[in-house]
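Undergrad: I'd like to ask some things about the structure below.
The values are calculated or read from the model by the stated rules, or taken from the named source; none is laboratory data. These numbers were taken from a predicted model, which means no experiment stands behind them. Note that we place each Cβ from the backbone using ideal geometry, even for glycine, and neighbour counts take in every protein chain shown. Surface accessibility is based on the protein's heavy atoms, side chains included, excluding ligands, DNA and RNA. Shrake-Rupley method; radii C 1.70, N 1.55, O 1.52, S 1.80 Å.
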Amino acid sequence: MTLSKKSKNQLKKTLEDMRQEILDEVRIQIERSRVQDHMGDLGDYAAADMATEYAHLFSERLTHRLQLIEDALDGIENGDYGFCEECEEPINEKRLQLMPFALFCVRCQSELERQAKIRGETFEEWYGTSRSE
């Protein structure tokens, strides 16, 4: 079952709101990073290094999520939104309401996660490497 125009518009609005939240968060992170360095002891530098590492990891996650959102918005525009990348069947509307940037139906997502677990990887590790090949 394909999504109605009303559902697509609602999901598009949700995705646009999510995108704006990420952009706002990035703006906050940039402003925080502009705080001038100060002289301090080794503990201060260690804390600053940890904060920088956290910001980097957080930034990577935001970037990845932003890309998924942008891809979903593009899919809405070109008509291929809401279909599983694995089996090409429609993704359940309730799943899309919970995760509007979902790439897979529940069945395929579960199977891909199971396969990754067998390989001793997380789904994100396995899927990220298999997509880039």
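Undergrad: Considering region 105-128 alone, what residues qualify as being at pLDDT 90 or above and either assigned to a loop (DSSP other than H, G, I, E, B) or surrounded by 15 or more Cβ atoms within 10 Å (Cβ to Cβ) (or both)?
TA: Once the filter is applied, which keeps residues that are at pLDDT 90 or above and either assigned to a loop (DSSP other than H, G, I, E, B) or surrounded by 15 or more Cβ atoms within 10 Å (Cβ to Cβ) (or both), region 105-128 yields C105, C108, Q109, L112, E113.
Undergrad: Could you count how many residues in region 88-104 are out of contact with any strand residue (DSSP E or B) (no Cβ under 8 Å at 6 or more places or on another chain), open to solvent by less than 90 Å² (accessible area, probe 1.4 Å) and not in a helix (DSSP H, G or I)?
TA: Qualifying residue count, region 88-104: 6.
Undergrad: Moving on. Determine which single condition E77 fails, assuming it passes every other condition in (1) of a type outside the set (G, A, S); (2) free of Cβ contacts under 8 Å to residues at least 12 places away in the same chain; (3) not in a helix (DSSP H, G or I).
TA: Of everything listed in (1) of a type outside the set (G, A, S); (2) free of Cβ contacts under 8 Å to residues at least 12 places away in the same chain; (3) not in a helix (DSSP H, G or I), E77 misses just condition (3).
Undergrad: Scan region 72-87 residue by residue and report those that are open to solvent by 90 Å² or more (accessible area, probe 1.4 Å) and among the hydrophobic types (A, V, I, L, M, F, W, C).
TA: Once the filter is applied, which keeps residues that are open to solvent by 90 Å² or more (accessible area, probe 1.4 Å) and among the hydrophobic types (A, V, I, L, M, F, W, C), region 72-87 yields nothing.
Undergrad: Tell me yes or no: at least one residue of region 32-48 is surrounded by 12 or more Cβ atoms within 10 Å (Cβ to Cβ) and either within 26 Å of N9 (Cβ to Cβ) or at pLDDT 90 or above (or both).
TA: There is no residue in region 32-48 that is surrounded by 12 or more Cβ atoms within 10 Å (Cβ to Cβ) and either within 26 Å of N9 (Cβ to Cβ) or at pLDDT 90 or above (or both).
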